[in-house]
Amino acid sequence: MVTGGAGFIGSHLVEQLLAAGHIVAILDDFNDFYDPRIKQANIAGFAKDVALHRVDLRDDASVRNLFHREKFEVIAHLAARAGVRPSIQHPQLYYDTNVTGTLHLLEAARVTGVKRLIFASSSSVYGASKIVPFSEDQHLTQTLSPYAATKIAGEFLCSTYSHLYQLRVVALRYFTVYGPRQRPDLAIHQFTRHIHAGQPIEQFGDGTTRRDYTYIDDVIQGTLAALQYQGPLFDIFNLGESETIQLKDLIVAIENALGKKAKINQLPEQPGDVPLTCADISKARKLLGYKPTTRLNEGLPRFVDWFLEAQKRR
């Protein structure tokens, strides 16, 4: 079962699992964080091949009933309220979905004998780490947003259930994933949409913040490898590209891919935003055979091509 299977990363994972011959179910509540029709479009190509369960993870009884009705062997838990800035505005919603919802899922998994779970964590758990690149064995002492706090809490819940009930869990810290179907609220998609429409984009800070952008195909390759992992019962891996780009250079790259100049509205730094993300992926390379192959100069034009095609279909 893929929770959040109608979302950006989830729908790509479902597609690849189906292609590999797995029987797949999706749990998704199609909430209004962004237009639910986008999620419907994400799964349109394979909706007839999956069991779709419209369940909210905050609803403990519905989660338990689903697990008792259907016997799942493996869970890829990608469902979450995502995004740093909205989590500052709605911390309770983020806690209820990402922490309590994960607990409901773990309990249902325990009771029904699920053997393996993948937990989608985030590079945001590293906060403003001074040690670069970020490594899985760093001692994490502070997060900078409620979203990041819910992700580190989710990791701890997973490690606890793994220890107590011998549940095999791999937590994957995703580093700013982009590509076709990317969520509309994320920077690359948002900038592309506004530049294409001739509207100004909002640049928070002076443009020197750096991100490790990871192409969707690479993240899916690492996630599929994690589903086969036979190492410690609980383990954590970074899935990034291990290259960074400054925000101002990202904007130039999008301008070049679109063939249009951006109108930039510069705003102050946003609370909760981290100045830098950069993944040490040596552990994932060694133990998962993780091999990111799509650099930003290839992946960004692919995203823009997808975006322009999607615009034509609207």
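The values are calculated or read from the model by the stated rules, or taken from the named source; none is laboratory data. Just so it is clear, the model here is predicted, and its values are computed rather than measured. Cβ coordinates were reconstructed from backbone atoms using ideal geometry, including for glycine residues, and neighbour counts include every protein chain displayed.
Of the residues in the range 53-81, how many are without any contact (Cβ under 8 Å) to a residue 60 or more places away in the chain, within 22 Å of Arg116 (Cβ to Cβ) and either assigned to a loop (DSSP other than H, G, I, E, B) or hydrophobic (A, V, I, L, M, F, W, C) (or both)?
7
Taking the conditions exactly as written (in a loop (DSSP other than H, G, I, E, B), at pLDDT below 95, within 26 Å of Gln311 (Cα to Cα) and charged (D, E, K, R)), does Asp206 satisfy them or not?
Details: in a loop (DSSP other than H, G, I, E, B): yes; at pLDDT below 95: yes; within 26 Å of Gln311 (Cα to Cα): no; charged (D, E, K, R): yes.
Against the criterion (in a loop (DSSP other than H, G, I, E, B), at pLDDT below 95, within 26 Å of Gln311 (Cα to Cα) and charged (D, E, K, R)), Asp206 does not qualify.
I'd like to know if the range 175-193 contains one or more residues that are among the small types (Gly, Ala, Ser), out of contact with any Pro (no Cβ under 6 Å at 6 or more places or on another chain) and under 30 Å from Gln311 (Cβ atoms).
Checked the range 175-193: at least one residue is among the small types (Gly, Ala, Ser), out of contact with any Pro (no Cβ under 6 Å at 6 or more places or on another chain) and under 30 Å from Gln311 (Cβ atoms).
Which condition breaks for Leu17 when tested against (1) hydrophobic (A, V, I, L, M, F, W, C); (2) more than 25 Å from Asp185 (Cβ to Cβ); (3) touching a Phe, Trp or Tyr at 6+ places or on another chain (Cβ under 7 Å); (4) outside any loop (DSSP other than H, G, I, E, B)?
For Leu17, the exception is condition (3).
If we scan the range 236-259, do we find a residue that is farther than 26 Å from Val2 by Cβ, more than 21 Å from the chain's Cα centre (by Cα), among the acidic types (Asp, Glu) and part of a loop (DSSP other than H, G, I, E, B)?
There is no residue in the range 236-259 that is farther than 26 Å from Val2 by Cβ, more than 21 Å from the chain's Cα centre (by Cα), among the acidic types (Asp, Glu) and part of a loop (DSSP other than H, G, I, E, B).
Go over the candidates Leu239, Leu287 one by one and state the one that is within 21 Å of Ala148 (Cα to Cα), of a type in the set (A, V, I, L, M, F, W, C) and in contact (Cβ under 8 Å) with a residue 40 or more places away in the chain.
From the options Leu239, Leu287, the qualifying one is Leu239.
If Asn297 passes every condition in (1) under 19 Å from Thr176 (Cβ atoms); (2) in contact with a Ser or Thr (Cβ under 7 Å, 6 or more places away or on another chain) but one, which one does it miss?
(2)
Of everything in the range 252-277 that's surrounded by 19 or more Cβ atoms within 10 Å (Cβ to Cβ) and touching a Phe, Trp or Tyr at 6+ places or on another chain (Cβ under 6 Å), which residue is farthest from Pro200 (Cα to Cα)?
Thr277
Are any residues in the range 82-120 in contact (Cβ under 8 Å) with a residue 60 or more places away in the chain, outside any helix (DSSP H, G or I) and either of a type in the set (A, V, I, L, M, F, W, C) or buried (at least 22 other Cβ atoms within 10 Å of the Cβ) (or both), and if so, which ones?
If the condition is that a residue be in contact (Cβ under 8 Å) with a residue 60 or more places away in the chain, outside any helix (DSSP H, G or I) and either of a type in the set (A, V, I, L, M, F, W, C) or buried (at least 22 other Cβ atoms within 10 Å of the Cβ) (or both), then Ala82, Ile118, Ala120 are the ones that fit.
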